[in-house]
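The values are calculated or read from the model by the stated rules, or taken from the named source; none is laboratory data. Remember, it's a predicted structure, so these values are computed and weren't measured experimentally. In this analysis, Cβ positions are derived from the backbone assuming ideal geometry, glycine residues included, and neighbour counts consider all displayed protein chains. Remember, those area values only see protein heavy atoms, side chains included, never the ligands or the DNA or RNA. Shrake-Rupley method; radii C 1.70, N 1.55, O 1.52, S 1.80 Å.
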Amino acid sequence: MNIPQTSFPRVIIVGGGFAGLAAARALENQELQVVLIDKHNYHTFQPLLYQVATGGLEPDSIAFPLRKRFNDVENFFFRLAKVTQVHVEKKYIETTIGNLDYDELIIATGSTTNFFGNTNIQKYAMEMKSVPQALNIRSLVLENFEEALLVTDLEKRRALMNFVIVGGGPTGVELAGALAEMKKGILPKDYPDLDIREMKINIIQSSGELLKGMSEASSEKSEDFLIKLGVDVWKNLRVLDYDGETVTTNGEDHFKAQTVIWAAGVKGAVVNGLTEECVVERANRFKVDEFNKVIGYENIYAVGDVACMETKDYERGHPMMAQPAIQQGRLLGKNIVAKLKKKKQKPFKYKDKGSMATIGRNKAVVDLPKWKFQGVFAWFVWMFVHLFSLIGFRNKAVVFMNWVYNYIRFDRETRLIIRPYKKKNKYSFKEQENGNY
């Protein structure tokens with residue numbers, strides 16, 4: 001890997017997401033050698049991926065180069081690679097570009113889409129966990145409308161204009177709202193020779209409420225917002241299969257749709273080499289103690305989505321969201337410094353700063369520890385928090401200007417098919433993978 005040898009302890013961080021980036025920041029300018037490894041050379045602000053998928057933002061406005069973030073940090077090295085194996089006894093990792101020894105290893109590989117073992121859904125549905133996957137969705141949505149212009153078969157045209165989102169969490173709700181706004185204000189102008197009223201947006205939730213985990217008021221209000229936008233909300237309905245043309249459920253309702261977006265679950269993206277005993281099977285996450293140390297190992301840690309810290313308040317681990325990841329990564333970095341200086345380490349305690357989701361223009365729900373509110377003010381709070389959380393002044397400025405322009409003009413300028421993506425049929429594989437490269 002051409003990483004120079006040093007007398008300082010080497011800390012390897014696998015993953016440049018929220019947790020890995022927070023840990024790397026906490027280790028800046030310490031008497032350590034920090035090596036960050038990721039399969040992408042950028043950090044992705046995942047909460048805004050749905051806006052890339054629906055033409056509201058370009059990907060470079062929610063991604064930030066990892067090397068640029070640490071340009072002036074002398075003890076930092078970055079390598080573009082994928083970690084394939086951890087060799088615990090000899091204390092080194094195996095990657096696609098070579099091997100590297102470590103003194104302390106931080107696993108911050110995040111999460112991946114959980115299809116719950118359904119290979120058909122995995123093959124034909126779209127997922128949205130990365131920038132390439134968001135671009136695939138954007139291309140597929142627009143290509144479906146281009147194809148709908150050409151077909152004469154009414155049933156096929158309706159299938160091309162029928163969108164099914166599986167999962168009523170923040171990702172599903174925000175994506176459904178964005179598609180509904182495209183239907184209302186943009187697509188009729190782009191496709192005047194199509195009857196956009198035939199476009200259907202369905203969101204399917206297996207439980208009886210949207211935004212499970214948020215307050216009852218936010219759940220009910222988000223559903224009300226979606227219904228007013230023209231989204232068909234299906235609750236207590238579970239998707240069993242999808243063959244590329246028909247969505248099969250456990251009820252009487254089935255859907256003919258060319259686009260199914262799976263937002264129904266995630267699981268940890270674990271790294272090979274650790275024992276099965278330290279993995280929580282149901283969520284595919286590493287069991288960690290209160291210091292984020294993987295159970296059974298002295299110098300291997302896991303933070304963020306891939307870590308499961310079972311506590312009294314969080315019996316199944318902390319939510320797989322940005323805030324727990326950032327807080328765990330930041331504290332772990334400080335604890336590693338304290339450990340090497342033989343000082344006392346602090347146990348992790350999650351400080352819940354609240355949760356929020358936006359459903360569209362002037363429509364959002366916010367749950368803070370002491371206040372819960374919905375509507376226009378919640379929408380402004382949502383925008384401020386997300387702008388503040390973006391990395392880099394340019395990204396903040398570009399996103400802000402895009403939002404202002406879109407709000408004034410009710411437009412989404414980036415509805416471009418940059419990289420074509422199209423499924424063939426239910427008997428063939430996709431021409432491209434869903435961004436898993």
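Key figures for this structure:
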item	result
Hits in the range 52-94 (condition: among the β-branched types (Val, Ile, Thr) and surrounded by fewer than 20 Cβ atoms within 10 Å (Cβ to Cβ))	VAL73, THR84, VAL88
Hits in the range 345-371 (condition: closer than 25 Å to ALA180 by Cα and over 21 Å from the mean Cα position of the chain (by Cα))	ARG361, ASN362, LYS363
Wholly within the range 193-310, strands (runs of 3 or more DSSP E) carrying at least 1 residues that are farther than 23 Å from MET128 by Cβ and open to solvent by 50 Å² or more (accessible area, probe 1.4 Å)	285-287
Test for LYS424: is it open to solvent by 100 Å² or more (accessible area, probe 1.4 Å) and at pLDDT 85 or above	no
Residue in the range 140-192 that is farthest from GLU413 (Cα to Cα), counting only those that are surrounded by 15 or more Cβ atoms within 10 Å (Cβ to Cβ) and of a type in the set (Lys, Arg)	LYS156
Given (1) open to solvent by 90 Å² or more (accessible area, probe 1.4 Å); (2) farther than 30 Å from ARG285 by Cα, number of the condition ARG316 does not satisfy	(2)
